[in-house]
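Notes for the one structure printed next.
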Amino acid sequence: MNIIKFTLGGKFAFFKKPDVNSYYYFTYCNIHKIALLGIFGAILGYSGYNKMSFDRKYNGKTQDFPEFYEKLKHLELSVLPHNINISKKVQIFNNSVGYASKELGGNLIIKEQWLENPCWDIYLALKCEESEKICTALQKNEYVYLPYLGKNDHLANIINVRLITDAKKLDDAVKIDSLFKKSSAEFSNRIPKDIKVYKHEEFLPYSFEITTNKYEFENFIYSNALLEINADTIVYKVEDKNIVFF
């Protein structure tokens, strides 16, 4: 199987959680599939959420999803974090446009939790026309719109783009280096020698609900522990890493 691999990062990132309180806006710790599809959509010039507000039809049918999601939701992706723990910092700034707040002066104080220096290796399986378009755009460094990490304050750096043609399925894998769904494997009772085991677990947006376009979630894990991988989970050896696609 052919794969396009690249390193995605930036100085800051903010992938807003919808479940926030009135004091802070929180971020997910890792980039999720919807955000990645948004980046690919920007690269190819597909429209997003705002376009849906004005044009509810395209190609002669009712538009259930933003264009980028409708065209790219079938892509198979893998995400390998560079950081075990990405540092986060709360940023405080003012929105003083005048209509942002009902307080005197119209000033709104915003407090957002940003990821600092996030970085991931992204793998895209080249199995369809859309993935081939993305591969070509990445290799030529030609983007219709600038990609960003969650909000347009945080431009995305895309480097180390490589085409990999020798990915192999593993039948005897005991670990996964990338993010994987919790349902894909069970943790083994064996403990690796001379290795400090870590585990990061997080519910991340995975798809859209068709009626309201709200997030649907999957529980993802990032760990160096030994695993008992389910029979229906396909693990690929890509260079020196074991990855799974979702």
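Taken together, the values in this text are just the output of simple stated rules run on the coordinates, not laboratory data. This structure is a prediction, so every number in the text was calculated from the model and none was measured. As a convention, Cβ positions derive from the backbone with ideal geometry for all residues, glycine included, and neighbour counts pool all protein chains shown.
Listing for the model above:
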quantity	calculated
Where only alpha carbons of the chain are counted, the Rg and the Dmax (Å)	19.5, 65
Under-5 Å amide H pairs with Tyr148, H placed in peptide plane, nonlocal only	Ala156
Environment charge of Glu239, counting only residues whose C-beta is closer than 11 Å and scoring Lys/Arg +1, Asp/Glu -1	+1
Between region 172-246 and region 107-122, the alpha-carbon center distance in angstrom	24 Å
Neighbourhood net charge (9 Å Cβ-Cβ; Lys/Arg +1, Asp/Glu -1) for Ile164	0
When each of Lys5/Lys133; Lys33/Lys193; Lys175/Lys196; Lys11/Lys33; Lys11/Lys73 is checked by Cα-Cα distance, pairs over 25 Å	Lys33/Lys193; Lys11/Lys73
Eligible aspartates and glutamates near Lys111 by straight Cα distance, threshold 15 Å, same-chain separation 8 or greater	Asp19, Asp153
Whole-Hz couplings from phi, Karplus 6.51/-1.76/1.60, listed for region 148-165; x for Gly and Pro	9, 9, x, 8, 6, 6, 10, 5, 8, 9, 10, 9, 6, 6, 9, 8, 10, 10
Gain in span if fully extended, Ser87 to Asp64, counting 0.36 nm per residue against the direct Cα distance	4.6 nm
Karplus-derived HN-Hα couplings along region 210-222 (A = 6.51, B = -1.76, C = 1.60, θ = phi - 60°), whole Hz, x at Gly and Pro	5, 6, 10, 6, 6, 5, 10, 10, 10, 8, 10, 10, 10
5 angstrom amide H check on Ser188, placed H, neighbours 5+ away	Leu226, Leu227, Glu228
Total charge dipole magnitude, region 110-228, about the Cα centre, Cβ charges on Lys, Arg, Asp, Glu only, Debye to nearest 20	220 debye
Lys, Arg +1 and Asp, Glu -1 on Cβ, resulting dipole of the chain about Cα centre, debye, nearest 20	380 debye
Computed over the chain: relative contact order in percent, which uses C-alpha pairs under 8 Å that are six or more apart	28 percent
Reachable aspartates and glutamates, given that their alpha-carbon falls under 18 Å from the alpha-carbon of Lys182 and they are not under 8 places away in the same chain	Glu76, Glu201, Glu202, Glu216, Glu218, Glu228, Asp232
Label-reachable residues, region 224-246, where backbone N falls under 16 Å from a point 7 Å from Lys168's Cα toward its Cβ	235-243
